[in-house]
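Engineer: Would you mind keeping the following structure in view while I ask a few things?
The values are calculated or read from the model by the stated rules, or taken from the named source; none is laboratory data. Bear in mind the structure is a predicted one, so any value in this text is a computation, not a measurement. FYI the Cβ positions are ideal-geometry reconstructions off the backbone, even for glycines, and counts take in every protein chain you see.
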Amino acid sequence: MIDATRRTIVKGAAAAAVVNSRLSRVLGANGRVNMAVVGVGGRGTNHLQEYVKIEGAHVAAVVDVNQAAQEKAVALVEKARGHKPKTYYDMRDAFQDKNIDAVSIATPNHWHVLAALWAVQAGKDVYVEKPVSHNIWEAYQLVKAARQYGKIVQVGQQSRSIPHKMQAMKLLHDGAIGKVYMAKGLCYKRRKSIGHTPDEPAPAGIQWETFLGPAPVKPFSWNKFRYNWHWFWDTGNGDIGNQGVHEMDIALWGMGKTNFPKNVVCSGGKFLYQDDQETPNTQHAAFDFGDGTRLEFEVRGLLTMGEADLKSGSNVVGNIFFGSDGVLAVDGAGFKLYKGEDRKLEMEGKNERGPSDTGMHMENFLAAVKSRNHKDLRCDVETGALSASLCHLANISYRLGRRIAIDQDARRFINDSEANTMLTRNYRAPFVVPEKV
């Protein structure tokens with residue numbers, strides 16, 4: 001058994017060395033990374049718009065279940081770079097192309113891990129959108145695979161590459177407001193009712209069963225397809241796992257947390273609307289880390305006001321950190337640091353609106369692809385897994401309607417079989433995240 005295991009490890013290491021050697025030769029020869037972009041709808045279009053601006057990136061292929069999206073993507077790349085990328089419906093066909101070095105994934109959430117896992121197993125590096133996973137178990141399967149295959153996996157939580165947010169986090173870590181005892185994440189993003197759309201046959205040019213992938217087969221409807229898939233449990237995670245995961249990540253970053261909380265309780269509901277949405281439009285979650293620190297998180301999709309001098313308008317999205325000596329509030333516009341009993345404004349920083357934050361995050365990914373060091377990433381897959389997991393923990397508590405206690409080391413619930421079944425999902429064959437990666 002020991003010899004067999006050793007042979008497997010040696011064989012795997014040798015295979016990884018061959019892949020990395022091939023990649024080094026390609027990058028050394030022409031200084032560019034050949035990319036396949038998977039999922040070229042809304043966010044995927046943004047991926048394309050950024051990659052065509054980056055000198056070191058070459059969009060060689062696009063993948064989508066929607067023929068119209070493929071055609072628009074090809075036109076975008078051709079106009080910007082003068083060449084036509086290959087097109088695929090099935091991402092596995094693209095991953096078999098030995099000329100592809102890396103994959104950028106902007107599919108719906110329920111596809112993130114499986115797409116990234118297949119890419120890693122095919123020898124590709126990966127940039128994958130947030131949240132990195134649709135559930136907790138699969139997130140750490142991807143972490144395991146990234147390490148096992150020696151691949152670079154960056155999660156699209158691009159706040160990690162925004163200068164004023166990086167500055168704010170450094171201030172917190174340097175003790176600018178003393179000991180941070182609590183963080184609050186705000187996802188007050190106005191979401192109007194999605195209404196009702198009827199079940200109907202999938203339109204020509206859309207491969208609906210491929211879109212569903214790991215999810216159960218259900219009839220096509222436009223609300224389940226275009227963007228609103230976020231609000232269905234089979235494919236999305238609500239706004240806490242959509243916009244909210246960015247703020248969850250910043251909260252953990254500022255607090256210096258790298259572990260699961262000790263317990264979580266989340267309540268809320270879908271208020272006012274009678275429509276197709278399944279996920280809540282209002283949530284409050286509280287995470288206790290068992291060491292005298294606490295993280296709170298709120299989702300408000302209805303009309304609301306701001307907090308702590310963060311922008312008050314239709315959207316209020318940011319973080320507030322509370323310390324022994326002061327308070328720091330940070331959002332997309334900048335940060336403000338208040339000190340003392342009178343909460344005097346001590347310092348502020350602004351977003352200078354330079355290069356695109358997504359573009360800077362992608363450039364960081366490409367630099368790590370070339371260095372072959374996952375520690376060069378600003379949001380490595382393990383960081384993304386923790387941020388996504390806290391969103392999933394909140395949703396599990398919300399759906400169960402009660403507080404849940406967590407074994408922080410095992411990343412499982414304590415004496416709670418009902419909650420533990422919600423760590424993963426029933427995958428639909430053949431779209432299965434395997435136990436052994």
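Engineer: Collect the residues in the range 300-332 that are acidic (D, E) and either on the phi > 0 side of the Ramachandran plot or not assigned by TED's automatic domain parsing to the domain that holds D249 (or both), keeping them in residue-number order. Spell out the reasoning first.
Structural biologist: Of the residues in the range 300-332, the ones acidic (D, E) are 307, 309, 325, 331.
Of everything in the range 300-332, just one residue is acidic (D, E) and either on the phi > 0 side of the Ramachandran plot or not assigned by TED's automatic domain parsing to the domain that holds D249 (or both), namely D309.
Engineer: Which of the residues spanning the range 278-288 are touching a residue at least 60 places away in the same chain (Cβ under 8 Å) and either among the small types (G, A, S) or surrounded by fewer than 21 Cβ atoms within 10 Å (Cβ to Cβ) (or both)?
Structural biologist: A285
Engineer: Here's a follow-up. Which of (1) part of a loop (DSSP other than H, G, I, E, B); (2) touching a residue at least 24 places away in the same chain (Cβ under 8 Å) does L390 not meet, given it meets every other one?
Structural biologist: (1)
Engineer: Got at least one residue in the range 338-348 being touching a helix residue (DSSP H, G or I) at 6+ places or on another chain (Cβ under 6 Å), part of a strand (DSSP E or B) and more than 30 Å from S104 (Cα to Cα)? Give the derivation first.
Structural biologist: Applying the first criterion (touching a helix residue (DSSP H, G or I) at 6+ places or on another chain (Cβ under 6 Å)) to the range 338-348 yields none.
The answer is no; no qualifying residue exists.
Engineer: Inspect all residues belonging to the range 353-368 and state whether any of them is over 21 Å from the mean Cα position of the chain (by Cα), under 24 Å from L172 (Cα atoms) and loosely packed, with under 14 Cβ neighbours inside 10 Å.
Structural biologist: So far as the range 353-368 goes, yes, one or more of its residues are over 21 Å from the mean Cα position of the chain (by Cα), under 24 Å from L172 (Cα atoms) and loosely packed, with under 14 Cβ neighbours inside 10 Å.
Engineer: Starting from the range 340-365, take each residue that is of a type in the set (G, A, S) and list its partners that are assigned to a loop (DSSP other than H, G, I, E, B) and modelled with pLDDT of 95 or more, counting only C-beta distances under 7 angstrom and pairs at least six apart or across chains.
Structural biologist: G359/K53; G359/I54
Engineer: Output the strands (runs of 3 or more DSSP E) that fall wholly within the range 50-158 and possess 1 or more residues being polar (S, T, N, Q) and within 15 Å of the chain's Cα centre (by Cα), or say none. Break it down stepwise before answering.
Structural biologist: Details: elements: 57-63, 86-88, 102-105, 125-128, 153-155.
In the range 50-158, 102-105, 153-155 are the strands (runs of 3 or more DSSP E) which contain 1 or more residues that are polar (S, T, N, Q) and within 15 Å of the chain's Cα centre (by Cα).
Engineer: Would it be correct to say that R428 is free of Cβ contacts under 8 Å to residues at least 60 places away in the same chain and basic (K, R)?
Structural biologist: Criteria not met by R428.
Engineer: Another question about this same structure. Name the residue that is nearest to the chain's Cα centre (by Cα), counting only residues in the range 284-318 that are modelled with pLDDT of 95 or more and farther than 19 Å from G268 by Cβ.
Structural biologist: So, considering only residues that are modelled with pLDDT of 95 or more and farther than 19 Å from G268 by Cβ, the one nearest to the chain's Cα centre (by Cα) is G318.
Engineer: Would you mention how many residues in the range 258-295 are among the charged types (D, E, K, R), farther than 30 Å from R226 by Cβ and touching an Asp or Glu at 6+ places or on another chain (Cβ under 9 Å)? Outline the logic, then answer.
Structural biologist: Going residue by residue through the range 258-295, those that are among the charged types (D, E, K, R) are 262, 270, 275-276, 278, 288, 291, 294.
Filter again for farther than 30 Å from R226 by Cβ, leaving 262, 288, 291, 294.
Checking which are touching an Asp or Glu at 6+ places or on another chain (Cβ under 9 Å) leaves us with 262, 294.
The total comes to 2.
Engineer: Among the residues that make up the range 11-30, is at least one of them assigned to a helix (DSSP H, G or I), surrounded by 19 or more Cβ atoms within 10 Å (Cβ to Cβ), modelled with pLDDT of 50 or more and out of contact with any helix residue (DSSP H, G or I) (no Cβ under 6 Å at 6 or more places or on another chain)?
Structural biologist: Within the range 11-30 (the criterion being assigned to a helix (DSSP H, G or I), surrounded by 19 or more Cβ atoms within 10 Å (Cβ to Cβ), modelled with pLDDT of 50 or more and out of contact with any helix residue (DSSP H, G or I) (no Cβ under 6 Å at 6 or more places or on another chain)), the answer is no, since none of the residues qualifies.
Engineer: Still on this structure: Inspect all residues belonging to the range 283-305 and state whether any of them is of a type in the set (S, T, N, Q), assigned to a strand (DSSP E or B) and farther than 26 Å from S324 by Cα. Walk me through how you get there before you give the answer.
Structural biologist: Step one: of the range 283-305, the residues of a type in the set (S, T, N, Q) are 283, 293, 304.
Within this subset, residues satisfying the condition of being assigned to a strand (DSSP E or B) are 283.
Still in the list and also farther than 26 Å from S324 by Cα: 283.
For the range 283-305, residues of a type in the set (S, T, N, Q), assigned to a strand (DSSP E or B) and farther than 26 Å from S324 by Cα: present.
Engineer: Go through the range 176-203 and report how many residues are touching a residue at least 40 places away in the same chain (Cβ under 8 Å), over 30 Å from G359 (Cα atoms) and part of a loop (DSSP other than H, G, I, E, B). Even if it seems obvious, please write down each step before you answer.
Structural biologist: Taking the range 176-203 as the starting set, the residues that turn out to be touching a residue at least 40 places away in the same chain (Cβ under 8 Å) are 176-191, 193-197.
Still in the running and over 30 Å from G359 (Cα atoms): 177-182, 193-197.
Filter once more, so that each one left must be part of a loop (DSSP other than H, G, I, E, B): 177-179, 193-197.
Residues meeting the conditions: 8.
Matching residues to (1) outside the structural domain of H47 (by TED's automatic domain parsing); (2) among the hydroxyl-bearing types (S, T, Y); (3) within 21 Å of R32 (Cβ to Cβ); (4) at pLDDT 95 or above:
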site	(1), (2), (3), (4)
V74	no, no, yes, yes
V77	no, no, yes, yes
G82	no, no, yes, yes
Y88	no, yes, yes, yes
R92	no, no, no, yes
N99	no, no, yes, yes
V103	no, no, yes, yes
P108	no, no, no, yes
A122	no, no, yes, yes
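Engineer: Another question, if that's okay. Hey, among R378, R353, which residue is of a type in the set (D, E, K, R), over 21 Å from G254 (Cα atoms) and assigned to a loop (DSSP other than H, G, I, E, B)? Steps first, answer last, please.
Structural biologist: On the way: R378 fails: over 21 Å from G254 (Cα atoms).
One residue alone meets the criteria, R353.
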